[in-house]
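> One structure, pasted below without further comment.
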Amino acid sequence: MNRKARPRILVTMDLGERLRRGVPLKTHELKAAYADRIVEAGGTPLLAAPTTDKDVLADHCEWMEGLVVTGGAFDIPPEYFGQARNLGVRLDESKLERTHFEAELIRSALARDVPMLCVCGGMQLLNVVRGGTLLQDIRAMHPEARDHEQPTSPQQPNHSVRIEGTSSLAQLVGAHEFEVNSTHHQAVDVLGEGLEVLGRADDDIIEAIGLTGDPSLRVLGVQWHPELLSDTVSIRIYRHFVDMSARPRR
C-alpha cells in the first residue's frame, strides 16, 4: 500500500546528567512536546544527540528534510558572539558541545535550503551564526523590560507579541498580535546578516526573526515555545514548518 512520505525532521537534543544508583550518568534529553507537535503536523521526528563526530554530523546534514533547533536551560557564552563577559551580569552554564553541533547544523541547513524552526535558544543561535549578538542578560542590560522568565507554567501564555509591519508571519498565524509563553533571560540584540525582525514583545524585545526577503518563511526563529501551547498560532507554526519540509528544495 502506498502512503504519502512524511518529511524527516531532525530535532536537536540536550545534554544532561542523572544519578543512577549513586553514579552520575550522562543523558540526552528532549521534551516530548517537540516530537509530539511534529507528528501531529505530519512529520517524522528524528532525534539528534550532540556529537563532535564529523561523519555523523555529515550524515545528519545529508538526509534531514527539516531542522528544529530546540531551546534549553543554558546560555550561549559571550565569546561565541565576539563579546567579553560583562562582569556582574548573570550568565548561566554553557554547553559548548551542543552549541557547536547545532551551529554546524544551522550552517548546513542554510547552505542546503533546508527549512528550519529555531526555538528560544535556537533562535538566539541562528542570530549568532549569522554574525549577530545577544543581550547577555535582559534584566541587567534593559532594566525597563518585563521579566521574560515567567514564574507560572510555560504551558500558559505570559505576554503578547506584535508582528512587525506587514510581515508574512502575520499571514501565517492569522493575527498581528497574540499571546506567548516566555522562559529566557538572554535575547537577540544586534541582528545577524540577512535576518529581519518579524515580531517583538510589548517591551520591544525581539521575539521572532526570519531570513530577509523570505515570504515563505522557510526559516523561522521564535523566542517562545510554541510546542508547549495549543493555540491556533502555535499549531499553524508547526504545520507550516512541516509543510515546508515536505516540499522540494529550491
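Any read-out appearing in this document is the output of simple, stated calculations on the displayed coordinates, not a laboratory observation. Every value quoted in this text rests on a predicted model; they were computed, and no experiment measured them. A quick note on method: Cβ atoms are made from the backbone with ideal geometry, for glycine too, and the neighbour counts reach across all protein chains shown.
> Rounded to the nearest 500, what is the chain's calculated 222 nm mean residue ellipticity when only DSSP H runs of at least 4 contribute -39500 (n - 2.57) each, over all residues?
Calculated from helices alone, the mean residue ellipticity at 222 nm is -8000 deg cm²/dmol.
> Once you keep just the Cα pairs under 8 angstrom separated by 6 or more residues, what percentage relative contact order results for segment 1-103?
32
> Further, regarding this structure: Rounded to a whole number of µm²/s, how large is the Stokes-Einstein D of the chain at 10 °C and 1.306 mPa s, given Rh as the Kirkwood radius over C-alpha pairs?
Translational diffusion coefficient: 86 µm²/s.
> Just for the Cα atoms in segment 102-250, what are the lengths along the principal axes, largest first, rounded to whole Å?
Computed over the Cα atoms, the extents are 44, 32, 27 Å.
> Now for a different question. Quick one: net charge around Q186, please, counting Lys, Arg +1 and Asp, Glu -1 for every other residue with C-beta under 11 Å from its C-beta.
Charge balance in the 11 Å sphere: -3.
> A further question follows. So for the chain, averaging the separation of alpha carbon pairs under 8 Å that are six or more residues apart and normalising by length, what relative contact order in percent results?
Normalised by residue count, the contact order of the chain is 21 percent.
> Give the residue from G82, M64, G42 lying farthest towards the positive end of the charge dipole for segment 32-89; charges sit on Cβ (+1 for Lys and Arg, -1 for Asp and Glu) and the dipole is referred to the Cα centre.
About the Cα centre, the residue reaching furthest to the positive side is G82.
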